[in-house]
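Engineer: This is the structure I have questions about; it appears just below.
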There are 2 protein chains.
Amino acid sequence: MARCRMCREKATVFIPHHRLPLCDEHLVSWFERYLQRTITKFKMFPPHAKILVAVSGGKDSLVLWQALVNLGYQADGVFIDLGINEFSLLSRRVSENFAENLGRKLHLISLPKELGFGIPALKRRTRKYCSLCGSIKRYFLNRATRTLGYDVLVTGHNLDDEASALLGNVINWSLKYLARKYPVLPENNGFVRKAKPLCRFTSFEIREYAKRQKIKYLTERCPLSPEATRLVYAEIMDRLEEQMPGTKIRFYMDYLRQLYPLLQEKVEDFLDRDLVRCEVCGEPAVSSPCFVCRLKEEFRSQGI
Amino acid sequence: MARCRMCREKATVFIPHHRLPLCDEHLVSWFERYLQRTITKFKMFPPHAKILVAVSGGKDSLVLWQALVNLGYQADGVFIDLGINEFSLLSRRVSENFAENLGRKLHLISLPKELGFGIPALKRRTRKYCSLCGSIKRYFLNRATRTLGYDVLVTGHNLDDEASALLGNVINWSLKYLARKYPVLPENNGFVRKAKPLCRFTSFEIREYAKRQKIKYLTERCPLSPEATRLVYAEIMDRLEEQMPGTKIRFYMDYLRQLYPLLQEKVEDFLDRDLVRCEVCGEPAVSSPCFVCRLKEEFRSQGI
């Protein structure tokens, strides 16, 4: 192993992506500096913003939270209990322990309490439960960020996530999704400002930071997740990265630089659909009642 | 095996792509009808056009030529001898035999005669010989089509070629190439009209047609071709197709329908670069002398 680029001590990790050998200490400082540069580059939020981190108990969200606090940001967490038995209990415990050590507040949202049912019940009724779970989480995260008075919601999506999702959207030419694929989305019409500060970090870099910060995170994946197709795209990107190192970051950043601006001008129609307010819950929605209120009513009327 | 969709006789092939079981006879008629529909759909050329087919001796170009002639088109061939020893001799013999059986004219272009050197000499001088060979072929095919008085140059690119090239252009966001990726390009500024009538056919369908038409084609690949990266993209598309049948055609056609028109409006700058005429050979080029004349001069001055 080579010497640390910063201090010339023995390096303990090599970041292939940036061709950077680093020691433990400078891996941490490099990570946090690069995170700050990403936040600044994409104008994600100002230094004094009140930040809410969507926390799952996995490595990405905990690393993001830790690094933001280390950088001096006011960042609290929010955890959604999806009602997936042991898995949800465990994730919650990991997140609560982490919050306590960090000395920051963790807000809790319980789907069983809010909806009257958890994701397992949803799975018994529809095959689309996985994407529906994503929409439900976005609904409650958006509402919590707004009603609790935070300025921005941040999520732990990393480069591997973003590159493989981008590939999926490209293979299917989902212009509607492509046009919204950006590391920061401004507040708009009841939707809070959202940012993905880890969008330029690989899973590998995040794990290395977690190790050195001694972060105890959950490695289990959601037991209900099928994620077959998502995995196909992730594996393809991993393979391309292996054969042509740097492919992921180039694919993602060049998209943002080159195609994204083109799509913005042309597909505004997609984005400026007339949004309404849900007459039941008051949240922004494409129609009223919104999908969450309709789902709740459906379950209630059938006495489930 | 099911029954033929057309005549209810026993099917001898199943086209997964169109979920179509067919007998020998109706595979051929389906293939030619679908080819005609592709030509019409993209307004490639009118019924009485004088067509020049770029012939390599491989399955794609021979099948294209055969099917066009069967459909009643006036289609001649043009073969480029690349000077790759046995391989070029063999390709040429296969192409000449085929032309004779078909009863159509085959024009010959010899790189060693035209340039004073073949591709093996080029390979000894530059690592970019493979893409340079592509450019050289396009130069001579374009010139031959124009000077011999044909209306359109057609090439045997199939769906597998187009989908994997599209993926490569997308992974690298080569907007310049993406903006020119269309099954037909109009005549423009000394560049002849070009079309890819097989762009909606898979390799499998083309091989099945070749079998039933008893076409003797060359299966050898160019012995000089490295094609490592091209293969990566081809394998990825094959894998996606296997996991999600129909991916290739959707990826390609949705690109043409959705993204291509957007790029046209925005990137005209790329396409309307000021073209000049080469002062040496008179061909259209981005600068004068053109790359072919410069290459010839370079070899000549060094007495190779």
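Engineer: Among the numbered conditions (1) open to solvent by 20 Å² or more (accessible area, probe 1.4 Å); (2) over 18 Å from residue B:210 (Cα atoms); (3) of a type in the set (Ser, Thr, Tyr), tell me where residue B:56 comes up short.
Structural biologist: (2) is the only condition that residue B:56 fails.
Engineer: Working only within the stretch B:245-256, note down all residues that are more than 7 Å from chain A (Cβ to nearest Cβ) and over 21 Å from the mean Cα position of the chain (by Cα).
Structural biologist: B:245, B:246
Engineer: Something else about it: Look through B:135, B:131, B:110 and report the one residue that is under 20 Å from residue B:298 (Cβ atoms), touching a strand residue (DSSP E or B) at 6+ places or on another chain (Cβ under 7 Å) and open to solvent by 20 Å² or more (accessible area, probe 1.4 Å).
Structural biologist: Checking each option against the conditions leaves just B:110.
Engineer: Okay, next question. Return yes or no: is residue B:121 modelled with pLDDT under 95 and of a type in the set (Gly, Ala, Ser)?
Structural biologist: yes
Engineer: Further question: Only one of B:117, B:201, B:98 is assigned to a loop (DSSP other than H, G, I, E, B), over 25 Å from residue B:231 (Cα atoms) and in contact with a Phe, Trp or Tyr (Cβ under 9 Å, 6 or more places away or on another chain); which?
Structural biologist: Going through B:117, B:201, B:98 in turn, just one is assigned to a loop (DSSP other than H, G, I, E, B), over 25 Å from residue B:231 (Cα atoms) and in contact with a Phe, Trp or Tyr (Cβ under 9 Å, 6 or more places away or on another chain): B:117.
Per-residue answers, yes or no, for (1) of a type outside the set (Val, Ile, Thr); (2) in a helix (DSSP H, G or I); (3) closer than 20 Å to residue B:221 by Cα:
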residue: B:25; (1), (2), (3): yes, yes, no
residue: B:30; (1), (2), (3): yes, yes, no
residue: B:34; (1), (2), (3): yes, yes, no
residue: B:40; (1), (2), (3): no, yes, no
residue: B:44; (1), (2), (3): yes, no, no
residue: B:54; (1), (2), (3): yes, no, yes
residue: B:61; (1), (2), (3): yes, yes, yes
residue: B:88; (1), (2), (3): yes, yes, yes
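Engineer: Same structure again: Being within 14 Å of chain B (Cβ to nearest Cβ) and either modelled with pLDDT under 95 or buried (at least 22 other Cβ atoms within 10 Å of the Cβ) (or both): is that true of residue A:163 here?
Structural biologist: So residue A:163 passes the test.
Engineer: What do you reckon, is residue B:196 in contact with a His (Cβ under 6 Å, 6 or more places away or on another chain) and either closer than 27 Å to residue B:36 by Cα or modelled with pLDDT of 95 or more (or both)?
Structural biologist: yes
Engineer: Looking at the stretch B:12-21, is at least one residue part of a helix (DSSP H, G or I), out of contact with any Gly (no Cβ under 9 Å at 6 or more places or on another chain), open to solvent by less than 70 Å² (accessible area, probe 1.4 Å) and hydrophobic (A, V, I, L, M, F, W, C)?
Structural biologist: No, the stretch B:12-21 contains no residue that is part of a helix (DSSP H, G or I), out of contact with any Gly (no Cβ under 9 Å at 6 or more places or on another chain), open to solvent by less than 70 Å² (accessible area, probe 1.4 Å) and hydrophobic (A, V, I, L, M, F, W, C).
Engineer: Please work out which one of (1) more than 25 Å from residue B:222 (Cα to Cα); (2) open to solvent by 20 Å² or more (accessible area, probe 1.4 Å) is the condition residue B:75 fails and give its number.
Structural biologist: (2)
Engineer: For the stretch A:197-204, check the following and say yes or no: at least one residue is touching a Cys at 6+ places or on another chain (Cβ under 8 Å) and crowded, with 19+ Cβ neighbours inside 10 Å.
Structural biologist: Checking the stretch A:197-204: not a single residue is touching a Cys at 6+ places or on another chain (Cβ under 8 Å) and crowded, with 19+ Cβ neighbours inside 10 Å.
Engineer: Within the set of pairs 6 or more residues apart or between chains, which connect a residue that is more than 10 Å from chain A (Cβ to nearest Cβ) inside the stretch B:166-184 to a residue that is of a type in the set (A, V, I, L, M) and part of a loop (DSSP other than H, G, I, E, B) with Cβ atoms less than 6 Å apart?
Structural biologist: B:179/B:267; B:184/B:44
Engineer: Can I ask one more? So which residues in the stretch B:205-234 are within 21 Å of residue B:163 (Cα to Cα), open to solvent by 20 Å² or more (accessible area, probe 1.4 Å) and among the aliphatic types (A, V, I, L, M), if there are any at all?
Structural biologist: Listed by number, the residues that qualify are B:228, B:231, B:234.
Engineer: While we're looking at this one, here's another question. Right, residue A:140: in a helix (DSSP H, G or I), open to solvent by less than 60 Å² (accessible area, probe 1.4 Å), in contact with a strand residue (DSSP E or B) (Cβ under 9 Å, 6 or more places away or on another chain) and of a type in the set (Phe, Trp, Tyr) or not?
Structural biologist: yes
Engineer: Residue check: is residue A:248 open to solvent by 20 Å² or more (accessible area, probe 1.4 Å) and out of contact with any Cys (no Cβ under 8 Å at 6 or more places or on another chain)?
Structural biologist: Answer is no for this residue.
Engineer: Right, something else. Would you point out the residue of the stretch B:204-224, among those that are in contact (Cβ under 8 Å) with a residue 12 or more places away in the chain, charged (D, E, K, R) and not in a helix (DSSP H, G or I), that is nearest to residue B:102 (Cα to Cα)?
Structural biologist: Ranking the candidates gives B:216 first.
Engineer: Quick one: is residue B:100 in contact with a strand residue (DSSP E or B) (Cβ under 9 Å, 6 or more places away or on another chain) and over 25 Å from residue B:192 (Cα atoms)?
Structural biologist: yes
Engineer: Of everything in the stretch B:174-187 that's modelled with pLDDT of 90 or more and open to solvent by 30 Å² or more (accessible area, probe 1.4 Å), which residue is farthest from residue A:250 (Cα to Cα)?
Structural biologist: Selected residue: B:187.
The values are calculated or read from the model by the stated rules, or taken from the named source; none is laboratory data. Please read these numbers as outputs of a predicted model, since none were measured by experiment. Because the Cβ atoms are built from the backbone with ideal geometry, glycine has one as well, and the counts that use them run over all protein chains shown. The accessibility values were calculated without ligands, DNA or RNA, using every heavy atom of the protein model including side chains. Shrake-Rupley method; radii C 1.70, N 1.55, O 1.52, S 1.80 Å.
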